[in-house]
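First comes the structure, then the notes that go with it.
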Amino acid sequence: MWWKIIRLMAIVPYLTLSGASLIAQETNAVRVYFGTYTTGEGRGIYRSDLDLTTGTLAPPVLAVETKNPSFLAIAPNRKFLYSVSEISNFNGQKVGGVAAFAIQPNGDLKLINQQPSGGVGPCHLVVDATGSAVLVANYGGGSCASLPIAADGSLEPAASVIQHQGSSVHPSRQKAPHAHSINLDPSNKFAFVADLGLDQVLVYAFDADKQTLTPHDPPFVKIADGSGPRHFAIHPSGKFAYVINELANTITLLGYQIESGQLKALQTITTLPPNYNETSYTAEVVVHPSGKFLYGSNRGHDSLAVYRIEPDTGLLTAIEQVSTGGQTPRNFAIDPTGQFCLAENQASNTVVVFRINPETGALTQIGTPVAVPSPVCAKFWTPAAE
């Protein structure tokens, strides 16, 4: 199995082993990278190992020092990792950055190069299935861009930058466009940008050969006014997608036609328990690898909302809301085997591990929170298939 970690060679001195590699000895483990904010104690991207037998997360260590790498993406060949640099000034330009890193044998990261993101405040990115481009969403600037990837993993200047236009009804959060995430469908032909400021999920045709984005027809699907669509996830079947709405604390089910790239809103469901009236905002949405369950995070209520997915229609039924054991859960991630969920509590500087019930989707916390400074994103890394 790809997740079986080879026993460390006896000739390696014990004192050279980091906390993140100690767990790899004689265990089934998977590596995980954490993107963070570096305005406090954080210094960059951290790495750890998750034991797939016990759910134990090793104490993370710094993989590379870099500024505000809040969201990460890993190339299909598993050799390169890319991060946004969530800043407003890149080499004198009023834009953010995207950084390319080579993944070293010990898990550390080595900077290859950086490029402008095409807008202010990049907050989300993805690598396409061919490994030919990085697609990035710029929240502050309300734009999206595609950056070609060279053979050595380095980033080339943007092949396309698309500026969104418009506004919606929220008096302070929706005065302008705010592209909050970008995702690709299973065909690698269509990209979806959830724009919080417009109450739209915009659809773009993606050309992997030219590494370009072009507006699709129809160009977007409308989400209810004031919803604030934030993150987006496609069901493994390719028939459904889900967008989590930050301002309305809801998730919207979207029917998806993979041949035409068209989305249609079918259901909207709350992420909060009944009669909860305090301030809260959603963040991440993730479909379980089995396709049976959906999860969304609540910041304020500080919980993960759990749903059962009806296999034929994609409709959601609420199961529970589970405390994340910390404050402000931004991103969370499910390991590739579907056994464990890692919740990143940004405000309390912790990552909490949950075991996933394979029959019900319910979450049970394992162990104590693990210290990570201002964690925002988690991405699992596995070796490339030989």
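General observations
- Test for Arg299: is it farther than 18 Å from Thr368 by Cα, basic (Lys, Arg) and crowded, with 20+ Cβ neighbours inside 10 Å: yes
- Qualifying residue in region 270-278 (condition: crowded, with 17+ Cβ neighbours inside 10 Å and among the acidic types (Asp, Glu)): no
- Residue within region 257-274 that is under 25 Å from Ala378 (Cβ atoms), touching a Gly at 6+ places or on another chain (Cβ under 6 Å), without any contact (Cβ under 8 Å) to a residue 60 or more places away in the chain and assigned to a loop (DSSP other than H, G, I, E, B) present: yes
- Only listed residue being touching a residue at least 60 places away in the same chain (Cβ under 8 Å) and either touching a strand residue (DSSP E or B) at 6+ places or on another chain (Cβ under 7 Å) or among the aromatic types (Phe, Trp, Tyr) (or both), chosen from Gln321, Gln339, Gln365, Gln327: Gln339
- Failed condition for Thr317, given (1) touching a Lys or Arg at 6+ places or on another chain (Cβ under 6 Å); (2) closer than 13 Å to Val370 by Cα: (2)
- Subset of region 224-249 [free of Cβ contacts under 8 Å to residues at least 40 places away in the same chain and surrounded by fewer than 23 Cβ atoms within 10 Å (Cβ to Cβ)]: Ala248
- Each residue in region 27-69 was checked for being among the β-branched types (Val, Ile, Thr) and over 20 Å from Ala99 (Cα atoms), and 5 pass.
- Here Ala194, Ala158 are screened, and the one residue that is aliphatic (A, V, I, L, M) and either in contact with a His (Cβ under 9 Å, 6 or more places away or on another chain) or surrounded by fewer than 21 Cβ atoms within 10 Å (Cβ to Cβ) (or both) is Ala194.
- Residue within region 291-303 that is touching a residue at least 60 places away in the same chain (Cβ under 8 Å), more than 21 Å from Lys379 (Cβ to Cβ) and of a type in the set (Lys, Arg) present: yes
- Of all the criteria given as (1) surrounded by fewer than 19 Cβ atoms within 10 Å (Cβ to Cβ); (2) charged (D, E, K, R); (3) under 23 Å from Leu253 (Cβ atoms), the one not satisfied by Arg355 is (3).
- Note on region 161-175: residues that are surrounded by fewer than 20 Cβ atoms within 10 Å (Cβ to Cβ) and either of a type outside the set (A, V, I, L, M) or free of Cβ contacts under 8 Å to residues at least 12 places away in the same chain (or both) total 9.
- Residue within region 364-375 that is among the β-branched types (Val, Ile, Thr), part of a strand (DSSP E or B) and closer than 22 Å to Ser280 by Cα present: no
- Index of the failed condition, Val61 passing every other in (1) more than 21 Å from Asn138 (Cβ to Cβ); (2) in contact with a Leu (Cβ under 9 Å, 6 or more places away or on another chain); (3) of a type in the set (A, V, I, L, M, F, W, C); (4) surrounded by fewer than 23 Cβ atoms within 10 Å (Cβ to Cβ): (2)
- Filter pass, Leu363 being buried (at least 20 other Cβ atoms within 10 Å of the Cβ), under 16 Å from the mean Cα position of the chain (by Cα) and closer than 14 Å to Leu304 by Cβ: no
- All positions within region 302-321 that are hydrophobic (A, V, I, L, M, F, W, C), surrounded by fewer than 20 Cβ atoms within 10 Å (Cβ to Cβ) and closer than 26 Å to Ile366 by Cα: Ala318, Ile319
- In region 133-155, of all residues being touching a residue at least 40 places away in the same chain (Cβ under 8 Å) and over 19 Å from the mean Cα position of the chain (by Cα), the one that is surrounded by the fewest Cβ atoms within 10 Å (Cβ to Cβ) corresponds to Asp152.
- All positions within region 344-363 that are assigned to a loop (DSSP other than H, G, I, E, B), more than 23 Å from Val61 (Cα to Cα) and among the hydrophobic types (A, V, I, L, M, F, W, C): Ala362
- Applying the condition of being within 20 Å of the chain's Cα centre (by Cα) and assigned to a strand (DSSP E or B) to region 197-212 and asking which residue is surrounded by the fewest Cβ atoms within 10 Å (Cβ to Cβ) yields Val203.
- Of the residues making up region 107-124, those that are out of contact with any Asp or Glu (no Cβ under 8 Å at 6 or more places or on another chain) and either of a type in the set (Phe, Trp, Tyr) or surrounded by fewer than 24 Cβ atoms within 10 Å (Cβ to Cβ) (or both) are Gly107, Asp108, Lys110, Leu111, Asn113, Gln114, Pro116, Val120.
Just so you know, all these numbers are worked out from the coordinates, no wet-lab data involved. What you see is a predicted model; the values in this text were computed from it and never measured. For neighbour counting, all protein chains shown are included, and Cβ atoms are generated from backbone atoms with ideal geometry for every residue, glycine included.
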